[in-house]
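Working notes, structure below.
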Amino acid sequence: MSYPVIAEHILATVQAGWLARRRRREDVPPLPPGSVYVFRIGGNYRTFPEGMVFDPSHPDVLDASSVSLVDTRARLVDVERPLPSVSEADNFTLRATFTCQVTDPVIIARQGIIDVEVPLRAYLMGDSDLPRVSAGHRVEEINAVRTEASHRMTAYSAIVPPRVAGMSVEFVSAEVHASDDLRNWEQKVRDERRSWELQRGQRDFETQDARQVAELLSQGSDHVDAFGIARKEIDVTEVAARIHRISETESGRRHTAEATERAHAQTLETADAQLRRDMLLTLLRQMGGSEYVDYHQVLDRVLQETGGPGTAGVMAAADTARMVESGPAGPGRTPTARDGSRDAQGGFVKDEDDLVD
C-alpha cells in the first residue's frame with residue numbers, strides 16, 4: 001500500500017529568464033484530499049502551507065528538486081505474521097490492526113515511508129515470545145491460540161508500544177487465522193453439514209405434510225372436499241356434481257345387490273323344496289318294497305324331517321303304497337293281513353303252541 005507517502009516526483013530546475021520565474025502547473029501532481037505537499041529544497045524539507053491555494057511561483061515550489069505527497073488522515077493498517085503450530089505442515093497467521101496518523105509530514109517525507117506496514121511488521125517480528133503461544137497447539141485448537149495471542153499482543157504493546165517517526169501508532173486488536181488448506185477443509189465440512197441438515201429438514205417437512213394429508217384423508221372425502229373448497233382449490237359445483245354421481249352409482253349398486261340376494265334366496269328355497277320332494281319320493285319307493293309298513297308312523301316321521309310341507313303329496317304317496325302292497329302276492333310271497341300277521345300257510349306262526357311238535 002502507498003501510505004503515508006502517496007507519491008514522490010522529481011522536479012526539473014526552473015531556469016531564470018527575461019520573464020519571472022514560474023513553474024508549470026502540470027509539473028506538480030494534483031494533491032488528493034487529506035494530503036499535503038512536502039518539497040525538498042536542497043537538503044531541507046518544507047511543507048507547503050496547508051489551506052493555501054497552490055502558487056506555481058512560490059519560492060519553495062520554484063526551488064524544490066522533488067515533491068512528496070503525504071496523506072495525513074488516520075488509517076487502520078493490518079499487519080500479518082505467521083505463527084507455528086504443532087505440525088510443521090500447518091501454520092497460524094496473526095493479523096494485528098493498528099491506527100496510524102501522520103503527525104509530522106516533513107519527517108515522513110524525509111524518511112520516505114511509502115508503506116507503513118514495513119516498520120509495523122518489524123515491530124511484530126520483534127516479539128520473540130509470540131510464537132510460543134501457538135507452538136504447542138494443533139490447527140484445530142485455533143480458538144485457544146486466538147485468546148492467548150490477543151492477551152500476548154495487549155501486554156506486548158503496553159510494554160513496548162509501536163513507534164514510527166512522524167506518526168502516532170496505536171495497537172487495536174489481534175486476530176489469528178488458520179491456513180488456507182484448513183479453512184477450505186472447514187468450509188467444505190460446513191457446506192456438507194448444511195446440505196445434510198437441509199435434506200433432513202426437507203424430509204421432515206415432507207413427512208409432516210404426508211402425515212397431515214393422511215389424517216385429512218382418514219376423515220373422509222367430505223372433509224377433504226370441504227378443505228379444498230376452503231382453500232379455493234376445488235369448485236363447489238364440481239363437488240356437488242361428483243357427490244350426485246356417486247349417490248346414483250351407490251343406489252344402482254344397492255338395488256342390484258338386493259335383486260341378486262332375492263334371486264339367490266329364491267333359488268335356495270326352490271332347491272330345498274326340490275330336495276325334500278326327492279327325499280320323500282325315494283323314501284316312499286323304499287317303503288313300497290317292504291313287507292310290513294306302518295304308514296302312520298312313516299307319515300309322522302316324514303312330516304318331522306320335512307317340516308310339514310307337502311302333506312297332501314305324502315298322503316297320496318302313502319295311499320299309492322297301500323294299493324301296491326294289497327295286491328296279489330307274487331310268487332314266493334305270503335299274503336299279509338291288515339294287522340301285519342300272516343297265516344300259517346304263509347310261514348308265520350299264529351300261536352305259540354304251534355312251536356311244539
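The values are calculated or read from the model by the stated rules, or taken from the named source; none is laboratory data. No experiment lies behind these values; they were computed from the predicted model shown. No Cβ is skipped: glycine too gets one built from the backbone with ideal geometry, and neighbour counts run over all protein chains shown.
Quick notes
- Among the criteria (1) farther than 19 Å from PRO82 by Cα; (2) touching a residue at least 24 places away in the same chain (Cβ under 8 Å), the one PRO131 does not fulfil is (1).
- Positions within the range 18-46 being part of a loop (DSSP other than H, G, I, E, B) and either polar (S, T, N, Q) or over 23 Å from GLY112 (Cβ atoms) (or both), in sequence order: TRP18, LEU19, ALA20, ARG21, ARG22, ARG24
- Any helices (runs of 4 or more DSSP H) falling wholly within the range 134-253 and containing at least 1 residues that are outside the structural domain of LEU83 (by TED's automatic domain parsing) and at pLDDT 80 or above: 180-218
- Given (1) buried (at least 16 other Cβ atoms within 10 Å of the Cβ); (2) at pLDDT 95 or above; (3) more than 43 Å from the chain's Cα centre (by Cα), index of the condition ALA96 fails: (3)
- Long-range neighbours under 7 Å by Cβ, at least six apart or interchain, first residue without any contact (Cβ under 8 Å) to a residue 60 or more places away in the chain and loosely packed, with under 10 Cβ neighbours inside 10 Å within the range 20-34, second of a type in the set (Ser, Thr, Tyr) and in a loop (DSSP other than H, G, I, E, B): ALA20/SER57
- Scanning the range 258-282 for residues that are under 60 Å from the mean Cα position of the chain (by Cα) and small (Gly, Ala, Ser) yields a total of 3.
- Residues in the range 47-71 that are part of a strand (DSSP E or B) and buried (at least 18 other Cβ atoms within 10 Å of the Cβ): VAL67, SER68, LEU69, VAL70, ASP71.
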